[in-house]
Amino acid sequence: MRIFEFIRPPDPATAVAAAAQSKTAQQGADVRFMGGGTTLIDLMKLNVENPARVLDINRLPLNKIEVTPEGGLKIGAIARNSDLAYHAKVQLDYAVLSQAILQGASAQIRNMATVGGNLLQRTRCVYFRDIAMPCNKRKPGTGCPAITGHNRTLAILGTSEQCIATNPSDMCVAMAALEATIHIQGPKGTRAVAFGDFHLLPGSAPQRETVLESGDLITHVTLPPPIAGSKQLYLKLRDRASYEFALASAAIVLTIAGSNITQARIALGGVGTKPWRSPEAEAALIGKAANDVTFRQAAEAAVRNAKPQSENGFKIELAKRCLTHALRTAAAG
Ligand SMILES: Cc1cc2nc3c(=O)[nH]c(=O)nc-3n(C[C@H](O)[C@H](O)[C@H](O)COP(=O)(O)OP(=O)(O)OC[C@H]3O[C@@H](n4cnc5c(N)ncnc54)[C@H](O)[C@@H]3O)c2cc1C
Ligand code: SF4
């Protein structure tokens, strides 16, 4: 690990000014914010990340979880994943978010991990984490060995010729379905970004994963008021029952009147290069009867544009079964 300067900025404005000196907010950033450090320090030990300065943001006043005047939720960027998952309003009104967080990592990691850090966790692609290997995301232009190599856990949706890495977050899948908004303080002021616009597809620049620019600090995330009477569920399928990333997951927010689905927000995890909201699945559900035929049609629609690689074709069927089972369970709940 490179020797680095460790700084504790006293307030968000000082933190932003210090980080703005970095040439990028993305891969290769020479100044990095640190939340729980469970992604950053890991990658620094592997020499994948080599910042010259680490700005510890844990003393900034960004740890509150508060109900907004409109009845939604404001979640500070350094709120711990555990605190969010066990917050009474989250468990009651945003159950899909609580379930998603609690199915990620381990209790110890969730106690350390922050909301801002979880939004920005990096892919678990083995080539990305091994500096002896080429990787377009880590070192642009060097190639993507995963396309012809080990890609069993990688993405089938949103891939490009340059990168097929999966976004590994569970929390983000639920936030996509809940239509969260990410609030950012940067050198030019503050701005709010809709969740679906925050993460970028890899395209020809997989090193650029989000819309963040140098100096941008995530200050908080907001959730809109809960949808009255909604049925929510997060289902995660993985190689072992805990402490493992998703091979496929589904976040469901449904409302049903009589026997018909009136609202549907669907997002998938473990299969996309970003947390994968599925308007195709939603269109196949809204206005239809809440039954297995509809659920299967929605699942087919969700993976219609999937592009499998040599080892991960099984994810198409797995994602379909995951979504169908999640919809059936949520509807029955
Ligand atoms: C063994 C292991 C298993 C795991 N299993 C799972 C799993 O099953 N599911 C899952 O979803 N996750 C899993 N994780 C990942 C874990 O959820 C993330 O490491 C964690 O959420 C990152 O949060 P952090 O606060 O520690 O981030 P940090 O490591 O502090 O930061 C991560 C990145 O975000 C940046 N950053 C942090 N805060 C801000 C901010 N406010 N503004 C701008 N930039 C910021 C940092 O500069 C860094 O680039 C696992 C991790 C480990 C180590
Ligand atoms: S899939 Fe992406 S992260 Fe993995 S080796 Fe290819 S470019 Fe790198």
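For residues that are away from ligand 2 (no atom under 12 Å from the Cβ) and among the hydroxyl-bearing types (S, T, Y), scanning just the stretch 197-222, find the one that is farthest from G186 (Cα to Cα). Across the stretch 197-222, the extreme among qualifying residues is T222. What pairs come up if the first residue lies in the stretch 1-14 and is over 27 Å from T190 (Cβ atoms), the second is among the polar types (S, T, N, Q), and their beta carbons are under 6 Å apart, counting only those six or more places apart or on different chains? Listed by first residue and then by second, the contacts come to R2/N50.
The residue that is nearest to A248 (Cα to Cα), counting only those in the stretch 149-159 that are within 10 Å of ligand 2 (Cβ to nearest atom) and over 19 Å from the mean Cα position of the chain (by Cα), is N151. Go through the residues of the stretch 164-179 one by one and say whether even a single one is part of a helix (DSSP H, G or I) and of a type in the set (S, T, N, Q). Taking every residue of the stretch 164-179 in turn, none turns out to be part of a helix (DSSP H, G or I) and of a type in the set (S, T, N, Q). Evaluated against (1) out of contact with any Asp or Glu (no Cβ under 6 Å at 6 or more places or on another chain); (2) buried (at least 20 other Cβ atoms within 10 Å of the Cβ); (3) under 20 Å from Y243 (Cα atoms), D93 falls short on exactly one condition, (3).
Among the residues of the stretch 160-183, those identified as within 16 Å of ligand 2 (Cβ to nearest atom), over 11 Å from the mean Cα position of the chain (by Cα) and surrounded by 23 or more Cβ atoms within 10 Å (Cβ to Cβ) are C163, I164, A165.
Could we say that T142 is over 18 Å from the mean Cα position of the chain (by Cα), open to solvent by 10 Å² or more (accessible area, probe 1.4 Å) and either more than 28 Å from G313 (Cβ to Cβ) or of a type outside the set (D, E) (or both) here? Steps first, answer last, please.
Numbers: over 18 Å from the mean Cα position of the chain (by Cα): yes; open to solvent by 10 Å² or more (accessible area, probe 1.4 Å): yes; either more than 28 Å from G313 (Cβ to Cβ) or of a type outside the set (D, E) (or both): yes.
Criteria met by T142.
Here is the figure for the stretch 25-38: residues that are out of contact with any Lys or Arg (no Cβ under 8 Å at 6 or more places or on another chain), assigned to a loop (DSSP other than H, G, I, E, B) and surrounded by 19 or more Cβ atoms within 10 Å (Cβ to Cβ) total 3. Look at the stretch 164-185: where a residue is within 18 Å of Y243 (Cβ to Cβ) and a partner is among the aromatic types (F, W, Y) and within 16 Å of ligand 2 (Cβ to nearest atom), sitting 6+ places away or on another chain with Cβ atoms under 7 Å, you get P168/F245. The number of residues in the stretch 231-280 that are surrounded by 20 or more Cβ atoms within 10 Å (Cβ to Cβ) and either without any contact (Cβ under 8 Å) to a residue 24 or more places away in the chain or in a strand (DSSP E or B) (or both) comes to 23.
M171 meets all of the listed conditions (1) touching a helix residue (DSSP H, G or I) at 6+ places or on another chain (Cβ under 6 Å); (2) in the same structural domain as E311 (by TED's automatic domain parsing) but one, namely (2).
Let's see how each residue does on (1) more than 8 Å from ligand 1 (Cβ to nearest atom); (2) of a type in the set (G, A, S); (3) not assigned by TED's automatic domain parsing to the domain that holds E179:
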position	(1), (2), (3)
A95	yes, yes, no
L102	yes, no, no
A105	no, yes, no
Q108	yes, no, no
T114	no, no, no
V126	yes, no, yes
R129	yes, no, yes
C135	yes, no, yes
P140	yes, no, yes
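With the structure loaded, tell me whether Q26 is within 16 Å of ligand 2 (Cβ to nearest atom), closer than 25 Å to R138 by Cα and touching a strand residue (DSSP E or B) at 6+ places or on another chain (Cβ under 8 Å) or whether it fails that test.
Numbers: within 16 Å of ligand 2 (Cβ to nearest atom): yes; closer than 25 Å to R138 by Cα: yes; touching a strand residue (DSSP E or B) at 6+ places or on another chain (Cβ under 8 Å): yes.
Yes; evaluated as a whole, the condition is true for this residue.
What are the residue pairs meeting all of these: first residue in the stretch 148-159, first residue at positive phi, second residue of a type in the set (D, E, K, R) and at pLDDT 95 or above, Cβ atoms under 8 Å, and 6 or more apart or on different chains? Between residues of the stretch 148-159 that are at positive phi and residues that are of a type in the set (D, E, K, R) and at pLDDT 95 or above, the close pairs are G158/K274.
Picking from T159, T190, T153, T219, which residue would you name as being within 14 Å of ligand 1 (Cβ to nearest atom), at pLDDT 95 or above and assigned to a loop (DSSP other than H, G, I, E, B)?
Details: T159 fails: within 14 Å of ligand 1 (Cβ to nearest atom); T190 fails: assigned to a loop (DSSP other than H, G, I, E, B); T219 fails: assigned to a loop (DSSP other than H, G, I, E, B).
Going through T159, T190, T153, T219 in turn, just one is within 14 Å of ligand 1 (Cβ to nearest atom), at pLDDT 95 or above and assigned to a loop (DSSP other than H, G, I, E, B): T153.
Scan the stretch 99-145 for residues that are under 20 Å from R208 (Cβ atoms) and more than 16 Å from ligand 2 (Cβ to nearest atom) and the total you get is 4.
Is one or more of the residues making up the stretch 43-50 surrounded by 15 or more Cβ atoms within 10 Å (Cβ to Cβ), closer than 21 Å to D170 by Cβ and not assigned by TED's automatic domain parsing to the domain that holds D216? The answer is yes, given that some residue of the stretch 43-50 is surrounded by 15 or more Cβ atoms within 10 Å (Cβ to Cβ), closer than 21 Å to D170 by Cβ and not assigned by TED's automatic domain parsing to the domain that holds D216.
The values are calculated or read from the model by the stated rules, or taken from the named source; none is laboratory data. What you see is a predicted model; the values in this text were computed from it and never measured. Heads up, the Cβs are rebuilt from the backbone with ideal geometry, glycines too, and the neighbour counts pull from every protein chain shown. Keep in mind that these areas ignore ligands, DNA and RNA; they rest on the heavy atoms of the full protein, side chains included. Shrake-Rupley method; radii C 1.70, N 1.55, O 1.52, S 1.80 Å.
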